[in-house]
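Accompanying notes for the structure given below.
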Amino acid sequence: MGRARYDGIADWYDTEFQPAPLESETWETLVRLLEDAPGALIDIGCGTGAYSAGLAGLGWTVTGVDVSEDMLRRAAAKGVRTVHTDASALPFEDGSFDAAISVFTHTDVDDFTNLVREVVRVLRPGSPFVYVGAHPCFVGPHSVYDVERKAPELHPDWYRKTGRYDEAPGIWRGSGVRIRVGASHLPLGLFLQTFLDAGLRLERIEEPAEREYSFALASRWRR
Ligand SMILES: C[S@@+](CC[C@H](N)C(=O)[O-])C[C@H]1O[C@@H](n2cnc3c(N)ncnc32)[C@H](O)[C@@H]1O
């Protein structure tokens with residue numbers, strides 16, 4: 001595996017971009033949706049491991065996987081068991097985990113279809129997969145974040161364009177993360193269909209109200 005997009009920004013990500021993840025609505029939503037009894041859990045695209053470490057604190061036995069060694073360095077420093085791997089080919093046996101989470105990854109991975117297929121493969125039948133990520137309707141190549149209004153200005157002509165959009169108008173300038181690593185987009189229908197096509201059943205879907213517009217979409221799926 002060569003250099004990953006997040007290599008070199010892990011310290012910034014952990015200290016400046018996301019300094020208090022366990023005080024966020026993402027964390028509150030994640031814990032609430034993950035209502036099963038603790039067991040072996042895989043965090044796909046765990047990054048600097050904030051949520052992995054938080055869930056370990058709640059009794060889960062967590063494995064965090066990511067393509068960025070730099071991000072994993074910070075996760076390991078939080079005590080997370082880390083595995084350096086591409087999510088589209090996980091080095092685990094079928095049915096190895098009792099639960100899976102993935103947080104803000106569909107906007108980063110090159111192959112979300114294979115990520116979800118791999119989640120299904122490594123989950124024990126009956127297990128939950130909680131996904132929290134950017135809301136495809138309001139974050140993407142069609143959405144230009146207006147820092148002053150704290151809201152997106154939408155350009156519908158870009159909405160149906162899938163894949164990476166480093167050159168599109170909607171690079172989110174507010175946080176600076178997309179300027180650094182670029183982004184990928186799936187319109188809402190394709191996004192949801194990816195989970196359904198992998199054989200998952202939708203149990204919960206929520207739009208966390210952290211901001212006035214729906215910045216995030218959270219869902220719990222069942223294998
Ligand atoms: C926006 S960060 C989210 C990190 C963490 N889940 C969080 O919420 O703090 C996206 C993460 O996905 C990882 N990633 C991107 N492509 C990946 C892939 N193919 N396999 C595994 N991880 C990947 C990146 O390295 C990065 O750490």
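What follows draws every value from the coordinates through simple rules; no lab data is involved. Owing to the predicted nature of the structure, the values given are computational and were not obtained by experimental measurement. Cβ placement follows ideal geometry from the backbone for every residue including glycine, while neighbour counts extend to all protein chains displayed.
For the reader, a short list of remarks on this structure follows.
- Backbone N under 18 Å from the residue 35 label point (7 Å along Cα→Cβ), restricted to the range 90-104: 99-101
- Most tightly packed first, judged by the mean number of other beta-carbon atoms within 10 Å of their residues, the peptides 101-114, 11-24 read 101-114, 11-24.
- Each Cα pair under 8 Å and six or more residues apart adds its sequence gap; the mean of these over the residue count of the chain is a relative contact order of 18 percent.
- With Cα atoms as the point set, the range 51-118 shows a radius of gyration and Dmax of 11.9, 32 Å.
- Cβ-based net charge around residue 3, under 10 Å, with every Lys or Arg adding one and every Asp or Glu removing one: -2
- For peptides 43-54, 126-137, 180-191, sequence by mean Cβ density within 10 Å, most packed first: 43-54, 126-137, 180-191
- If R0 is taken as 35 Å, the Cβ-Cβ distance between residue 197 and residue 166 corresponds to a FRET efficiency of 0.85.
- Long-range tail of P(r) for the range 90-197 (Cα pairs > 20 Å, %): 43 percent
- The residue among 191, 154, 141 whose Cα reaches farthest toward the positive pole of the charge dipole of the range 129-223, with charges on the beta-carbon of Lys, Arg, Asp and Glu, is 191.
- Summarising the strand pairing of the chain, around 50 percent of its internal DSSP beta bridges are antiparallel.
- Under 17 Å from a label point set 7 Å out along the Cα-to-Cβ vector of residue 15, the amide N atoms of the range 49-69 belong to 49-50.
- Over the range 43-83, relative contact order from alpha-carbon pairs under 8 Å, at least 6 apart, %: 47 percent
- Cα-based Kirkwood hydrodynamic radius, the chain, one decimal, Å: 17.5 Å
- Rounded to whole Hz, the Karplus (6.51, -1.76, 1.60) HN-Hα couplings of the range 126-138, x for glycine and proline: x, 8, x, 10, 9, 10, 10, x, 4, 6, x, 6, 10
- Multiplying each eigenvalue of the alpha-carbon gyration tensor of the range 23-138 by 5 and taking the square root yields semi-axes of 17, 17, 16 Å, largest first, rounded to whole angstroms.
- Qualifying GluC sites (Glu not before Pro) in the range 62-152, where qualification requires a DSSP coil assignment and no more than 13 other C-beta atoms within 10 Å, comprise 93, 148.
- Rh (Kirkwood; distinct C-alpha pairs) - the range 6-45, Å: 12.2 Å
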